[in-house]
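Following: one structure in structure tokens, then a few remarks.
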Ligand code: SAM
């Protein structure tokens, strides 16, 4: 099958990105594996090629404008699902070492198939809940950047994500444009967790009508060992909103 990437290339350029031919092949193969597996399990409701390019791939790499990726060595994607945003970021930035985390094992099996077929190096998919993995020494305060898209409200997500981040590192939450009240409600959680809100970037995906935001939080202090609380609690009783 032939795929037309002309519009996507132009959209990437507007984020200052340019995919090599090898990267484009990897993205196309990723799309094919995603839609094959999607026939037997629920990975995405978006299956049209052009829509996957925009709503998954372009959205995943939209952070490029706001984070200096040459300084990122280790990245963790919490609640990656079918690999968003972690896999497109790994394809566009092959130098980064990526850990994909998801609490559903069948999604991790899919991710391992993608990693194998695309021959991606320095990337691992781990099955587990963020609340449990964040307590392990090998993951705690180890990452320059933690990303997460469509997983939980910002207060809960901060409790999942900040413990993974190095001091001075960044937690970036991919959100819809309607984010102001969620940011407001997460302020107490950020204070308790030692994170500091740096910026809320609001933008449109180039040449689309889709509005997005990325919330940028810096990990300022070593998070208390109390956090994250037991699995399930951060989601049910978001910090500062109990
Ligand atoms: N990030 C992907 C995306 O944007 O398409 C997936 C979003 S999906 C709506 C949420 C994913 O987060 C699911 O795959 C779910 O299994 C995972 N998840 C939810 N809570 C989690 C937790 N506490 N730890 C790890 N994964 C979690």
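Any read-out appearing in this document is the output of simple, stated calculations on the displayed coordinates, not a laboratory observation. Note that the structure is a prediction, hence the values are computed from the model and not measured. Please note: Cβ atoms are built from the backbone with ideal geometry, for glycine as well, and neighbour counts cover all protein chains shown.
Here are a few things to note about the model shown:
- Residue with peak Gaussian network fluctuation, the chain [Cα springs, cutoff 10 Å], from 13, 145, 27: 13
- Rg and Dmax over the alpha-carbon atoms of the chain stand at 17.1, 52 Å.
- Residue with peak Gaussian network fluctuation, the chain [Cα springs, cutoff 10 Å], from 117, 142, 26: 117
- Exposure proxy order (Cβ contacts within 10 Å, fewest to most) of 41, 1: 1, 41
- In Å, descending, principal axis extents of the Cα set of the stretch 74-150: 31, 26, 22
- Relative to the longest principal axis of the Cα atoms of the chain, the long axis of helix 21-38 lies at roughly 80 degrees.
- Computed over the stretch 115-242, the quotient of the alpha carbon radius of gyration and 2.2 N^0.38 Å is 1.08.
- Rounded FRET efficiency, nearest 0.05, which uses the C-beta distance separating residue 197 from residue 231 and R0 of 25 Å: 0.45
- In the stretch 119-189, Cα pairs under 8 Å separated by at least six residues give a relative contact order of 33 percent.
- Inter-centroid distance (Cα atoms) of the stretch 203-242 relative to the stretch 74-118, Å: 19 Å
- Where only C-alpha atoms are counted, convex hull volume of the stretch 62-190 per residue in Å³: 103 Å³
- Choice from 174, 210, 31 with maximal GNM fluctuation in the chain (Cα, 10 Å cutoff): 210
- Diagonalising the gyration tensor over the Cα atoms of the stretch 138-213 and scaling each eigenvalue by 5 before taking the square root yields semi-axes of 23, 15, 10 Å, largest first.
- Across the chain, the mean sequence separation of Cα contacts (distance under 8 Å, 6 or more residues apart), normalised by length, yields a relative contact order of 16 percent.
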